[in-house]
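Structure first, then comments.
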Amino acid sequence: MLTRFFKKREGADAPQANPAAPSQADAKAAKAKQAEDARAEWLPRVQAAQGDDAALLLITQTAPLWELKLAAVEALSGEEALKQAERELRSQDSRVHRVAKKRLVAAVAQREARSGAQAVIDDASHLLNETPLPANRLVAIDRGWQALDASLLTPEQATQFATLREQLNTVVREEGEAEQRLQQEQQQRLAEQARQDHADEEARLAALAAEPPAEPEPEVQALAEAPPPPPPNAVLSAEQRAQLDSVLTLAEAALAEGQLSDMQQRLQEVDAALDALKGVSVGDKLRARHQALHAELARLKGWQKWGGALALEALVDEAEALAKLTLLAASTEIANVPKLRLKAHAESIQGMRSRWKEIHAAGAPVNQVLWQRFDAALQAAYVPVAAQQAALKASREENLQSRVALLDTLDAVPLGDAPATPEAQAAHWKEPLRALGQFQLAWRQLGPLEHTVPSAKRKALQQRLDDSVARIEAPIEAARRTAQAERERLIARAETLVQELARHPR
């Protein structure tokens, strides 16, 4: 009976042929053949449409396979065609749409970069025709070129800008050399004039000495009979003359090297020495050298003031350009404006203020109008830096208040008197330990103390942290030491009992 039942079950469970299986395989094979036929038909169309964006767009709309559409999208070259393909493929295969969108973004970035590069190149070309070259315009051109992505530019643009920049460098170098030659020629002219004046003065004195004395007039006769004024009390000693000659030589050397501050210091030493030698004849040669150096120093001081005024104007232009760049970076209406690196931005502002002080210290004239323009421009450029510092200050103050609140919560944890028994002590310290663990976790989540709280309040906060943690940790550590000592005492007692039992077994 049972045998027959199991035989029937085996017969019923025997696998039967699935008539649908061959049809599914046939469908897959037919589908693969259709795809292969479509590739064979459409790939030549894609190849033939290369360079024709309209034909490629038609393929993206009508091709039966996504890889054919992808090949057509990758062959598109125009920005308008890519924009149309991206718009039409949004509701179709996401793989093809992603590629179309990526290529459109790249095409827009390339167009804008090349347009910006051409604008910089045009500015550089116009700058070559200006004399003298304005330093602030040259700085703006360099910054504009550095802000571009070089990988998106054409090789011709890179070569053209490099050529223009080299030409600008040559012009700047030639202008500097011409200015230096002009100053040297003027210095040589003045020195030659001083030597000529000295020679003329010596010739005039020699001519006067060679002329016979004129007959005194009657009115002057009485004065002539008066005793002549006493001669100078003294003349320079050889040591004093050598000392003055040495200092004057140092002043002349400083003049030749263009070190006006050293030259002025040496002349002040000579002036002080001559003041101390009143009534002593220093000689015409030393006096002529001294006067010539003073005249040259006054002339160079005038040139220095003029150059300082030009430097201040260039610095004001640079500050105003930085302020404009700051406003552009803050604008939301202009696309592809490089973001400000606030640390370098703040350093640039500080550097400009330092340069202003250096130029004034070098003798540039005070110009209140230029200073007001300069200060207003740098204040405008400093706005994002000030905003960042204000946000950082507010964040640090908020972090400080959060830490103070944590410390207040920890200080509010009651400790009470510790029980006598170890079991009761373990239960007694459980809640303070849990509160301390939660406090330490929350404290670490607020970040490192040296970077997140105001520096003026850091020391006091660290001291309070140490005190608050020690209030809980100190009694717990004392309880641990007491428990450890009790355990060691019990272990020693047990070992003693074992030894006694070993000596006196029952």
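The values are calculated or read from the model by the stated rules, or taken from the named source; none is laboratory data. Everything quoted here is computed from the prediction, not taken from an experiment. FYI the Cβ positions are ideal-geometry reconstructions off the backbone, even for glycines, and counts take in every protein chain you see.
Starting from the range 96-111, keep only residues that are closer than 15 Å to Ala75 by Cβ, then list their pairs with residues that are of a type in the set (Phe, Trp, Tyr) whose Cβ atoms are within a distance under 9 Å, requiring at least 6 positions of separation or different chains.
Close Cβ pairs satisfying both conditions: Val96/Trp66.
For the range 457-499, give me the residue count where each residue is β-branched (Val, Ile, Thr) and surrounded by fewer than 11 Cβ atoms within 10 Å (Cβ to Cβ).
The qualifying residues number 3.
Any idea which residue in the range 178-213 is nearest to the chain's Cα centre (by Cα), counting only those that are at pLDDT 75 or above and surrounded by fewer than 11 Cβ atoms within 10 Å (Cβ to Cβ)?
My answer is Arg181.
Anything in the range 427-461 that is among the charged types (D, E, K, R), over 25 Å from Glu477 (Cα atoms) and at pLDDT below 90? List them, or say none.
Glu450, Lys457, Arg458
Could you list, in sequence order, all residues of the range 362-386 that are loosely packed, with under 14 Cβ neighbours inside 10 Å and modelled with pLDDT under 85?
Matches in the range 362-386: Pro365, Val366, Gln368, Val369.
Which condition does Lys301 not pass, out of (1) within 40 Å of the chain's Cα centre (by Cα); (2) modelled with pLDDT of 70 or more; (3) closer than 16 Å to Gln186 by Cα, if it passes all the others?
Every condition holds for Lys301 apart from (2).
Would you say Ile491 is part of a helix (DSSP H, G or I) and touching a residue at least 12 places away in the same chain (Cβ under 8 Å)?
Judged against the criteria, Ile491 is not a match.
Please indicate, with yes or no, whether at least one residue in the range 160-171 is assigned to a helix (DSSP H, G or I) and within 30 Å of Leu76 (Cβ to Cβ).
Yes; the residues of the range 160-171 include at least one that is assigned to a helix (DSSP H, G or I) and within 30 Å of Leu76 (Cβ to Cβ).
If we keep just the residues of the range 53-108 that are small (Gly, Ala, Ser) and outside any helix (DSSP H, G or I), which is surrounded by the fewest Cβ atoms within 10 Å (Cβ to Cβ)?
Once the filter is applied, the top-ranked residue is Ser91.
Look at the range 396-426 and say how many of its residues are modelled with pLDDT of 75 or more and assigned to a helix (DSSP H, G or I).
Total meeting the criteria: 16.
Could you count how many residues in the range 159-191 are in contact (Cβ under 8 Å) with a residue 40 or more places away in the chain and not polar (S, T, N, Q)?
Residues that pass the stated criteria total 8.
Return the residues of the range 111-147 that are of a type in the set (Asp, Glu) and surrounded by 13 or more Cβ atoms within 10 Å (Cβ to Cβ); say none if nothing qualifies.
Glu112, Asp123, Asp142
Being among the small types (Gly, Ala, Ser), out of contact with any Phe, Trp or Tyr (no Cβ under 6 Å at 6 or more places or on another chain) and under 30 Å from Val172 (Cβ atoms) is the requirement here; does Gly78 meet it?
Values: among the small types (Gly, Ala, Ser): yes; out of contact with any Phe, Trp or Tyr (no Cβ under 6 Å at 6 or more places or on another chain): yes; under 30 Å from Val172 (Cβ atoms): no.
Here the answer is no, as Gly78 does not meet what is asked.
For the range 339-361, state whether one or more residues are surrounded by 13 or more Cβ atoms within 10 Å (Cβ to Cβ), more than 30 Å from Ser455 (Cβ to Cβ), of a type outside the set (Lys, Arg) and at pLDDT below 85.
yes
Is it the case that Thr154 is at pLDDT 80 or above, out of contact with any helix residue (DSSP H, G or I) (no Cβ under 8 Å at 6 or more places or on another chain), over 25 Å from Leu322 (Cα atoms) and surrounded by 11 or more Cβ atoms within 10 Å (Cβ to Cβ)?
no
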